[in-house]
Amino acid sequence: MADLLHPITPEQFRSDYDDRKPLHIPAAPGTAKQDLLRWDGFNALLDQASIWTPQSLKLVFNGDPIPATQYCAEVKTPAGPALRPSPSRIQPLLAKGASLIADGVEALTPEIDTLSTALSRHFAGLVGANIYCSFGGVQAFNTHFDLHHVFAVQVEGEKTWRLYQNRADQPIDFPADGPDARQWFARTRGPLMQEVLMRPGDVLYLPRGWYHDALTPSGSSLHVTFSVTPLYGRIMFGLLEAAALQDPAFRTWLRPATEDGGRPLKAQLRDLGRRLAALAETDTFMDEIAMTQERLSPRPARYSLPDRPPLVMLHPTGRTAPAWSGPVAIAMDWIMTQPGVPLETVVAQFDFIPEADLRAALAEAERLGVLRRS
């Protein structure tokens, strides 16, 4: 995050910009941000034809998606026929000015993967990364807002972003695409607030709901956009339901609304509301939220074949274990029921617990003689 935001510090970003207002960070002299991806790297990704599908590689022209039938072809594979984007069909469409979008690339290169992980950790959110290749004078998308934080990193060429004054209030959906939706966006975006010319190495941050559109003024442009979607209040409904049903009061029939002018039902609902509020304030419920957030940030995993590192086996010794608290208690209580389990399996299985916290608890258990390794 410090590298991405430089010269803005993460602390300054959090206090002044995070979910508040847009931020344009021009590239500093000698910046390495544009090295996130170059044309040769993008071409190398596209040349891996077998990894792309009509869902992950898309084309757009003047705000309209190009049907997959126009740029994909059926190919024979050992597993049977498959529909795949065809370079020979795509390139004539690009020559006409169509924009190419590669979706879901957050793990395809080490550089993009590293930044995706950093953003996910910083915001405790789900991160996606898309690559946008566009050409001068033809707009890919009309005015719109997004349902997530946006971090755009310009890596090749230039692109002009137009930011409008209005912002949707914490949106979680928007109208289905079509002429009516486009007119609605244009009508509600407000006056133009700022034009930002993005050059290689520039970074643009847009909060969720900020109206914008973009156009490559001339030549060709390549940028990578990171979408960051933290959890919001809706997650509480499912988690509270599971917790609340442990209380018999939530399994009791509701009183008829017609009984005694609805007073018994009103009293019952008031009691249930108080119980829900009390549940939401418990440390246990906060731990549930924390574990759900942790799962949004996949742990980096790299193969190192042909090396096969030896497994570290953990064995309970039978000594009385301390009372762990928080999410680590789930893992530690389980380990104590096993005759032996690989440390690596514990780390992989309990991916909803911060790895540092888990390893610290395991080290403490070894120090106390509760676990031994072999």
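The values are calculated or read from the model by the stated rules, or taken from the named source; none is laboratory data. This structure is a prediction, so every number in the text was calculated from the model and none was measured. All Cβ positions, even for glycine, are placed from backbone atoms using ideal geometry, and neighbour counts span all protein chains on display. Protein only, heavy atoms only, side chains kept; ligands, DNA and RNA dropped before computing areas. Shrake-Rupley method; radii C 1.70, N 1.55, O 1.52, S 1.80 Å.
Taking Cα centre as origin and charging only the Cβ of basic (Lys, Arg, +1) and acidic (Asp, Glu, -1) residues, the dipole magnitude of the stretch 236-374 rounds to 140 debye. Distance from the C-alpha centroid of the stretch 114-163 to that of the stretch 274-294: 33 Å, rounded to the whole angstrom. Under the simplified labelling scheme, the Ala124-Ala95 pair shows an inter-label distance of 5.3 nm, with each label point 7 Å from Cα along Cα→Cβ.
Which whole-number percent is the relative contact order of the chain (Cα, under 8 Å, 6+ apart)?
16
Quick check: the distance between the Cα centres of the stretch 310-364 and the stretch 221-246, to the nearest angstrom? Taking the Cα centre of the stretch 221-246 as reference, the centre of the stretch 310-364 is 27 Å away. The long axis of helix 283-294 is offset from the longest Cα principal axis of the chain by roughly 30 degrees. Using a 1.4 Å probe on the protein heavy atoms, what percent of the accessible area of the stretch 69-132 belongs to carbon and sulfur? Carbon plus sulfur share of accessible area: 58 percent. Net charge of the neighbourhood of Gly326, taken over other residues with C-beta under 9 Å away and scored Lys/Arg +1, Asp/Glu -1, is -3. Find which of Gly104, Phe61, Thr31 sits farthest along the positive direction of the dipole of the stretch 1-119, computed with +1 on the beta-carbon of Lys and Arg, -1 on that of Asp and Glu, about the Cα centre. Of the candidates, Phe61 comes out farthest on the positive side. Counting only residues at least eight positions apart within a chain, or on another chain, the aspartates and glutamates with an alpha carbon under 12 Å from that of Lys58 are Asp103.
Given in Å, the Rg to one decimal and the Dmax to the nearest whole number for the Cα atoms of the stretch 15-78 are 18.3, 54.
Modelled spin-label separation between Glu241 and Ala360, with each label point placed 7 Å from Cα along the Cα-to-Cβ direction: 3.5 nm. Ordering of 259-271, 3-15 by packing is 3-15, 259-271, highest average first (other Cβ atoms within 10 Å, averaged per residue). Projecting the Cα atoms of Ser86, Gly157, Pro207 onto the dipole axis of the chain, where Lys and Arg carry +1 and Asp and Glu carry -1 at the beta carbon, places Ser86 farthest toward the positive end.
Run lengths n ≥ 4 of DSSP H only: what is the helix-derived mean residue ellipticity at 222 nm for the chain, with -39500 (n - 2.57) per run over all residues, to the nearest 500? Before the final figure, lay out the partial values.
Numbers: 13 runs with 124 residues, N = 374.
After summing the helix terms and dividing by the residues of the chain, the value is -9500 deg cm²/dmol.
Between Val75 and Thr160, the modelled labels are 3.8 nm apart [label points 7 Å from Cα along Cα→Cβ].
For Glu344 and Ser56, FRET efficiency with R0 = 30 Å and r from the beta-carbon atoms, rounded to 0.05? Once the sixth-power term is evaluated, E becomes 0.45.
Out of every Cα-Cα pair in the stretch 81-135, what percent are more than 17 Å apart?
Details: 783 of 1485 pairs.
Tail of P(r) above 17 Å: 53 percent of Cα pairs.
Around the Cα centre of the stretch 73-148, unit charges on the Cβ atoms of Lys, Arg, Asp and Glu (plus for the first two, minus for the last two) sum to a dipole of about 300 debye. Can you give the Kirkwood hydrodynamic radius of the chain from its Cα pairs, in Å with one decimal? Final number for the Kirkwood radius of the chain is 24.7 Å. Placing +1 on each Lys and Arg Cβ and -1 on each Asp and Glu Cβ, with no other charges, gives the stretch 151-229 a dipole about its Cα centre of roughly 160 debye. Other residues lying with their Cβ under 12 Å from the Cβ of Leu240 contribute a combined charge of -2, Lys and Arg counting +1, Asp and Glu -1. Summed over the residues of the chain and divided among them, the accessible surface reaches 55 Å² per residue at a probe radius of 1.4 Å. Farthest toward the positive end of the dipole of the chain, out of Ala118, Ile353, Pro171, is the Cα of Pro171, where the dipole comes from beta carbon charges about the Cα centre. With the Kirkwood sum run over all distinct C-alpha pairs, the stretch 4-148 has a hydrodynamic radius of 17.6 Å.
I'd like the FRET efficiency for Ala107 and Ala82, computed as 1/(1 + (r/R0)^6) with the beta carbon distance as r and R0 of 25 Å, rounded to 0.05. Calculated transfer efficiency: 0.70.
Across the stretch 1-123, Cα pairs under 8 Å and at least six residues apart give a relative contact order of 23 percent. Contact order, relative form, for the stretch 57-118: 34 percent (alpha carbon pairs under 8 Å, 6 or more residues apart, mean separation divided by residue count). FRET efficiency for the Ala249 to Asp3 pair, using the beta carbon distance and R₀ = 45 Å, is estimated at 0.30.
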